[in-house]
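Enquirer: Please see the structure below; I have some questions.
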Amino acid sequence: MTAKRARRITTRVTRMVAGSTAALTAVVGLSLATAGSAAAAESGSWRPYGNTNPITSSTSLWRCARTVHIESDVLAQVCAVRASNGNGNGVQGAVIVRNERSSSYRATAAMDLANSSGYLNEWTCSSSGVGAKSWSVCFGRTITHAAPVNSAGAINGVSLGISPSV
């Protein structure tokens, strides 16, 4: 199941990247036709962090998969995040991107959340510029879930694997 999840997320991002490229070069009226299955996932949201590490600057508990080199000077990883405030039942998936380049980097990301019983939800973040020498995070919507969860993710068609459970 884990390899299948990672492939599904990677395929979704690959389709979104291809759809975005087609939409940029096509007539405006054709952009809806390129959305394909990517339209089924909820929209996530990008948050820029500048030169601040999102994990070490947070009070939430982050469990992340290994860091993956996406391209020269661009690194990313998928994480499952549990809120530290209140009862700790708020969880979300996240894709962290670190751009070490001297120019911005275009990124399209996706992640899901699952527990031992199965799949909970999936989110995608449309193409966005990650600033030069900075961090950005694509977050899924926070959901209430007390049991441990993990997250599978991808960026620009590259699988980031599956995070440990949080």
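The values are calculated or read from the model by the stated rules, or taken from the named source; none is laboratory data. In this text the structure is predicted, and so the values were computed from the model without any measurement. Backbone-built Cβ (ideal geometry, glycine too); neighbour counts: all protein chains shown. Please note that ligands, DNA and RNA were not included when accessible areas were found on the heavy atoms of the full protein model with its side chains. Shrake-Rupley method; radii C 1.70, N 1.55, O 1.52, S 1.80 Å.
Enquirer: Just the residues that are surrounded by fewer than 22 Cβ atoms within 10 Å (Cβ to Cβ) and in contact with a helix residue (DSSP H, G or I) (Cβ under 7 Å, 6 or more places away or on another chain), please, taken from region 127-157.
Expert: If the condition is that a residue be surrounded by fewer than 22 Cβ atoms within 10 Å (Cβ to Cβ) and in contact with a helix residue (DSSP H, G or I) (Cβ under 7 Å, 6 or more places away or on another chain), then Ser127, Asn156, Gly157 are the ones that fit.
Enquirer: Residue check: is Ser57 without any contact (Cβ under 8 Å) to a residue 60 or more places away in the chain, open to solvent by 50 Å² or more (accessible area, probe 1.4 Å) and touching a Lys or Arg at 6+ places or on another chain (Cβ under 8 Å)?
Expert: no
Enquirer: Name the single residue, out of those in region 60-111 being among the basic types (Lys, Arg) and over 16 Å from Ile143 (Cα atoms), that is surrounded by the fewest Cβ atoms within 10 Å (Cβ to Cβ).
Expert: So, considering only residues that are among the basic types (Lys, Arg) and over 16 Å from Ile143 (Cα atoms), the one surrounded by the fewest Cβ atoms within 10 Å (Cβ to Cβ) is Arg66.
Enquirer: Modelled with pLDDT of 95 or more and on the phi > 0 side of the Ramachandran plot - does that describe any residue in region 70-91?
Expert: Yes: one or more hits.
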